[in-house]
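Nothing in this text is a laboratory measurement; each read-out follows from the coordinates by a stated rule. As the structure is a computational prediction, the values presented were derived from the model and not from experiment. When we count neighbours, we look across all protein chains shown, and the Cβ atoms used for this are built from the backbone with ideal geometry, even at glycine.
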Amino acid sequence: MNYGYFDGPNREYVITRPDTPASWCNYLGTPAYGAIISNNASGYSFVESGAMGRIMRFRFNSVPMDQPGRYIYLRDAESGDFWSGSWQPVGKDLKDYKSECRHGTGYTVIKSEYSGIQTETLYYVPMEGLYEVWNCKVKNVGDTPRKLALTGFVEFTSDSNYEQDQVNMQYTYFTTRTYFRDKFILQAINENCAEAGVTGSAGTSDERAEGIYRYFGAAGATVASYEGDRDTFLGDYRDYKNPISIENGKCSNVLNFNKNSCGALQFDVVLQPGEEKTINFVFGAGGNDTAAKLVTKYEDMNQVAKDLQGVKDFWYARLDRLQIETPDENFNHMINMWNSYQCLLTFIWSRTASFQYCGQRNGLGYRDTVQDIQGTVHIDPELSRERLELMLSAQVDNGGGLPLVPWGYKPHTIGTPDDEDYVRATQHPYYRADDALWLFPTVHTYINETGDYDFLNKTIPFSNIGEGTVYEHLRRAIQFNLDRQGVHGLPAGLHADWNDCLRLGSKGESTFVAFQLYLGINNLKQYASRFGKADDIVWCDSLLTKMDATIQENIWNEDRFVRGITEDGYVVGHRDNDEGSMWLNPQSWAVISGATKGDQGKIAMDTVHEILNTKYGAMLLFPAFQKYGLPVARMALMNPGTKENASIFSQSQGWLLLAETMLGNGNRAFEYYKEFNPATMNDTAEIRKIEPYAHGQSIEGIESPFHGRGTVHWLTGTASTVMVGMHYGILGLQPDENGLRIDPCIPSDWSGFKMSRIWRGKTLKISVFNPAGVQKGVTSTIVNGLEIRGNYINADILKDGGFENEIKVVMG
C-alpha cells in the first residue's frame, strides 16, 4: 500500500495519507536544539541532550500512538465542530478531511483541508537559537464568512531529565508554574532558585541558581484566551482528541501551579471567502526577556521566509556535494537526499532521540560516532574533522575508547571505565573491543577525502592523561587489542565487539575484531612507510604474518569464516552448529580487511547469498539462537528473527555492499541494495511499517512471522555504512591523497549514469558509459577532453576556482 511519494526536485517526501502504519518522522534543528516531528505533528524537543534537555513532553509506546506534540486546533464558532491542523489528535474521518505532509531538509509542512478551511503549518528550527517556529496559515476556501477559534497547544516537561519527568511525580509535580505575558505562556521550574524572578533567561539548567524557563508564544494576532494548566485544558477523563477548552470554544485562563504545565493560546479569527490569516508560534527554552524579544521578532511575517532559506541553504550546500542520475530512481532519491540527510542527522545526534530511543544516552557512543563520520566526510569535511578530533581526544591512553562521551566532554576531566567517577556518571564499567579500531577506516577516509596527511602529525590529548599525535593514537589502538588476546592469538571480544549481544569476554576471541585489527595494521603500515618509520614497518609486517597464520588455522571453516571462539573453546559460527552456524559480518569484513586468501572471499560471499539472503536483505546470522544463550549469546533473549537474533541487521548491509563491489559483483551488490533499500518498499509500506525514506536499525528475518517489518527508525549506523558502500563501492568514487580513482561496480544492465561531485573545491561532472554491459572495469577516462591512462585522475590536472571538470568514463 502506498502512503506517499518522493518529490526529487523539491527534496521532500510527500505523505498523502496521514494514517501511516507507524509515525513517519523528520528531524529539525541543530546540535544546540533538536526536535523530532511526525507526519501528524507528534514528537518532542530538547536542548542539546535528549536525556537531560527535554522541554516538550512525549509519551513513548502510547495508545493512541505517539502523543502529544505540536498541535493546532480549529473550531467553527457557529457549528461547534472542531478539528486539528494535523489529522491527529482529533482524527476526523478521512472521507471529509484532506491531509498532506511534506518532510524536507530540516523542516516539515503539514497541510489540511476540512469544512472549507485550509491550513498550512511550516515547522522548523532556525539555524541559530534555542527555539522552534510553527508558521501557521489558515485560509477560508469556502464562499461564506467564517468565525473560527484557532488554538496552538504544547505540553511542557516538568523536568529536563526525561525519566524524572515521566516517573518522579513525588518531586516534579510541585516545582512548576506558568505565567501569561500578553502574547506568551512562560513556564518556570524551581523558580525559588531564581535571583531575577521570572525575568531570568535560563533554559534547561538551574546550575547557576537561576531557575529553568520555557515559553510558548505567538505573533500576528491578539490572544483571546489562554491555558497554562494541562489538566484544565484537557478536562477530566478526556484526552488530546477532545479537550474541554476546545469543545467549549474558549480557554479558561487558568495557569498551572504544581502538576502539569502546558501552553495553549487561542485566537478569534474571522475570515472572508478567500481570506488568509497567518500566526507564528514560537516555542523554546529561555526566560521572559527571551520570549518577549522572539515574539516581537516574528511579528515581521517576512522573518519566516528568511529563516527557511537559511535552513535550506545549510542542507543544500552539503547535499549538493554529491548528486547522481542513474537508471534506478530509488537509488537516486537515497543518494541525492535521504541517505545523505540521514547521515548528517545521525552524525549530529548519534542515538539520543527517536520514537524508540527514549533519549537516555546523554552523549556520544564512541564506536557509533566514529563510524558515522565515515558517511559525512564527503558531505562536510570540516565538520567531520572537528568531530573526529573530539573522538580521538576521547581515546584512553591505553588505546581503548571511552564507551560513552558525554555532551560537553573535555579531555582529562572525567576518568575512564577503570575509574569509579566515570562509571558512576555514565554507567559504563567496561571497554569494548572494537571502539578505537573504528578510527582506522575513519581517519583513512578523512585523509583520502581531503589529502590532509599532516593530520596524522596533529597532537591530540588522550582522555585521561597525556597526549600524542594522531599516528600515536592509532598505534595505541592496535596495542590495546594486542594486549587483550585469547589463547589462539586473536583479539578478545571483551564486553562487546560491535555486537552488543555477543559477550565473548576477556579471553573469548572475536573474528570481527581480528579483521578490524588486520585492516588497522595495514593502514598503520601505509602511514609508517610515508613517514619513514622503519621499525613500525617491521612491526606491522610481523603482526600481519602472524595474523595470517592464525586466521587461516583458526577462523576459516570450509566455506565461511567463523564468528568467534569462547573462553571454553566453543566455536561460534561453525558450520556444524545447530544455531548461529552462519554469520554475515565475518564474511564481508574478511573481504574488506584484505585478509582472505585465494578464492576464500568469493566462496564466503557465495555462502552468504545461499544461506543468509532474503527478499529484504541478508540476515545477520542464521539460524537464530534459542537454546545456546547466556552468558555469551545474549541475543537468545530476543525472539528469533529479531534484532541481533537473526534479523536483517541494517548496518551490516553497507559492509555487504562494499565487500561485493570489492569482488567486482555489481549485480549481486545492487540486488542486496534493492532488497533492503527503504524506498523500494514505498508501495508495500504496510509490511515495512517504518519510514520508506530512512533506514531503520533492523528488518525482521525469516524466522519472524512479520518478516520485512522494520524496527527502530532513523538513528542508526546504517546511514553511514550504506553511504560508504554506495559512494566508494557502487559509484566507485575513490579518492586518495593525490587524486581520485573512478571505478564503478554496477548492475550489468545499466548502460551508464551521471554524477556531480564537489571534491576539494573542484566541481566534477562525471558521465559513465557502459556499452559492453559489464559490472566492473574501466577502459578509458577522458578529463576535460584529454584522455588519461587508466581510471586514476591526479588532482593537479583538475580545474578549480568555479570551473567545471567534464569527465567521461567508459566501462568495459
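Of note:
- Sparsely packed loop sites in the stretch 23-103 (the trypsin sites (Lys or Arg not before Pro) outside DSSP H, G, I, E and B with at most 14 other Cβ atoms within 10 Å) comprise Lys95.
- Fully extending the segment from Val487 to His609 would add 40.7 nm, taking 0.36 nm per residue of separation and subtracting the current Cα-Cα distance.
- Using θ = phi - 60° and Karplus 6.51 cos²θ - 1.76 cosθ + 1.60, couplings along the stretch 420-436 (whole Hz; Gly, Pro as x): 4, 5, 5, 4, 5, 6, 10, 6, 10, x, 10, 8, 10, 6, 9, 3, 6
- Whole-percent P(r), the stretch 733-811, all Cα pairs, 5 Å bins from 0: 3, 16, 28, 26, 16, 8, 3, 0.
- Relative contact order of the stretch 350-481, defined on C-alpha pairs under 8 angstrom at six or more residues apart (%): 30
- Taking each of Lys111/Lys277; Lys92/Lys183; Lys250/Lys293; Lys312/Lys762; Lys139/Lys241 in turn, the alpha-carbon distance tops 18 angstrom for Lys92/Lys183; Lys250/Lys293; Lys312/Lys762; Lys139/Lys241.
- Normalised by the number of residues in the chain, the average gap of Cα pairs under 8 Å and 6 or more apart makes the relative contact order 10 percent.
- Loop-located trypsin sites (Lys or Arg not before Pro) in the stretch 608-680 whose Cβ has at most 10 other Cβ within 10 Å (DSSP): Lys627
- A simple rule links phi to the HN-Hα coupling: the Karplus curve 6.51 cos²θ - 1.76 cosθ + 1.60 with θ = phi - 60°, which for the stretch 151-164 gives 10, x, 9, 8, 10, 6, 7, 9, 8, 5, 7, 4, 5, 4 Hz, with x for Gly and Pro.
- For the chain, the fraction of alpha-carbon pairs in successive 10 Å shells from zero, as %: 3, 13, 22, 24, 19, 12, 6, 1, 0
- Size of charge dipole - the stretch 488-623 - debye, nearest 20, with Cβ of Lys, Arg +1 and Asp, Glu -1, no other charges: 480
- 17 Å Cα-Cα reach of Lys602 towards aspartates and glutamates, excluding residues that sit fewer than 8 places from it in its own chain: Glu558, Asp559, Glu610, Glu660, Glu671
- Near the amide H of Ser354, within less than 5 Å, lie the amide hydrogens of Gly359, all on another chain or at least 5 residues away, with H placed in the peptide plane.
- Helix axis angle, 470-482 relative to the chain longest principal axis, alpha carbon, degrees: 70
- FRET E, pair Tyr237, Val141, Förster distance 35 Å, beta-carbon r, rounded to 0.05: 0.45
- Computed from Cα positions, the angle between helix 650-662 and the longest principal axis of the chain comes to roughly 40 degrees.
- Rounded, prolate or oblate (a/c below 1.5 giving rounded, otherwise prolate when a/b exceeds b/c) for the stretch 439-565 by Cα gyration tensor: prolate
- Acute angle (nearest 10 degrees) that the helix 600-611 long axis makes with the longest principal axis of the chain, alpha-carbon atoms: 40
- Net dipole in debye of the chain [+1 Lys, Arg Cβ; -1 Asp, Glu Cβ; about Cα centre; nearest 20]: 680
- Rounded to the nearest whole Hz, the Karplus-based 3J(HN,Hα) values (6.51 cos²θ - 1.76 cosθ + 1.60, θ = phi - 60°) of the stretch 529-540 follow the sequence 5, 5, 8, x, 8, 4, 4, 5, 4, 4, 4, 4, with x at glycine and proline.
- Antiparallel DSSP beta bridges within the stretch 733-811, percent to nearest 5: 75
- Computed over the stretch 21-299, relative contact order equals 20 percent, with contacts defined as Cα pairs under 8 Å that lie 6+ residues apart.
- Between Ser225 and Gln266, the built amide H atoms are under 5 Å apart, and every one of these is 5 or more places off in sequence or on another chain.
- The simple Förster model, with R0 at 60 Å and r as the Cβ-Cβ distance, assigns Asn192 and Ser756 a FRET efficiency of 0.55.
- Straight-line cross-link reach from Lys674 at under 12 Å between alpha-carbon atoms covers these aspartates and glutamates, not counting any fewer than eight positions away in the same chain: Asp328, Glu329.
- Taking the DSSP beta bridges with both ends in the chain, the antiparallel portion is around 95 percent.
- The chain: calculated mean residue ellipticity at 222 nm from DSSP helix runs of at least 4, using -39500 (n - 2.57): -8000 deg cm²/dmol
- Qualifying GluC sites (Glu not before Pro) in the stretch 494-581, DSSP loop, other Cβ atoms within 10 Å at most 10: Glu558
- Of the peptides 785-794, 597-606, the ranking by mean beta-carbon count within 10 Å, highest at the top, reads 597-606, 785-794.
- Dipole-positive endmost among Trp583, Phe314, Leu402 within the chain (Cβ charges, Cα centre): Phe314
- Sites Lys602 and Asp96 - FRET efficiency at Förster radius 56 Å, r taken between beta-carbons, to 0.05: 0.40
- Gyration tensor (alpha-carbon) shape descriptor, the stretch 21-299, a/c threshold 1.5: prolate
- What the Kirkwood sum gives for the stretch 376-481 is a hydrodynamic radius of 14.0 Å, with every pair of different alpha carbons counted.
- Across the stretch 495-605, the fraction of Cα-Cα pairs farther apart than 19 Å, rounded to a whole number, is 47%.
- Cut-off under 5 Å, modelled amide H: who pairs with Val405 long-range: Leu364, Gly365, Tyr366
- Cα shape, the stretch 276-402, gyration tensor, a/c 1.5 rule: oblate
- Dipole of the stretch 350-481, positive end: most advanced residue of Thr416, Phe455, His428 [Cβ charges, Cα centre]: His428
- Rounded Å value of the spacing that divides the Cα centres of the stretch 757-812 and the stretch 288-363: 31
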